[in-house]
Amino acid sequence: MNEPAPFKIKYEVYPEDGIFVARCLDLPISSDGATEEEALANLQEAIELYAERNAEALIRKLEEQDEDDEE
């Protein structure tokens with residue numbers, strides 16, 4: 001069985017109003033948490049849910065990213 005190829009997702013984490021916000025720079029996804037670690041874990045879960053629901057769009061986005069990296 002083939003394992004999915006790993007890919008890099010750019011993100012940023014910053015404090016805001018007493019919480020931490022984690023924002024994906026490649027996809028329209030963000031999440032938050034009481035700590036940086038919690039915000040990142042929540043962002044990872046949100047990305048996984050996004051991928052399940054938007055597989056075709058995500059594949060196109062990753063292919064575009066690969067093309068940009070090759071240039």
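Considering only residues of the range 47-71 that are in contact with a Leu (Cβ under 9 Å, 6 or more places away or on another chain), at pLDDT 80 or above and among the hydrophobic types (A, V, I, L, M, F, W, C), which is nearest to R23 (Cα to Cα)?
I47
Within the range 26-35, work out how many residues are modelled with pLDDT of 95 or more and farther than 14 Å from E48 by Cβ.
Residues flagged as modelled with pLDDT of 95 or more and farther than 14 Å from E48 by Cβ within the range 26-35 amount to 5.
Under 8 Å by Cβ, and 6 or more places apart or on different chains, what pairs join a residue from the range 47-70 that is within 11 Å of I29 (Cβ to Cβ) with one that is at pLDDT 80 or above and in a helix (DSSP H, G or I)?
From the range 47-70, the pairs are L58/Y50; L58/A51.
N42 fails exactly one of the following numbered conditions: (1) at pLDDT below 90; (2) over 9 Å from the mean Cα position of the chain (by Cα). What is the number of that condition?
Against the list (1) at pLDDT below 90; (2) over 9 Å from the mean Cα position of the chain (by Cα), N42 comes up short only on (1).
The values are calculated or read from the model by the stated rules, or taken from the named source; none is laboratory data. Because the structure is a prediction, the values reported are computed rather than measured. Note that each Cβ is placed from the backbone with ideal geometry, even for glycine, and that neighbours are counted across all protein chains shown.
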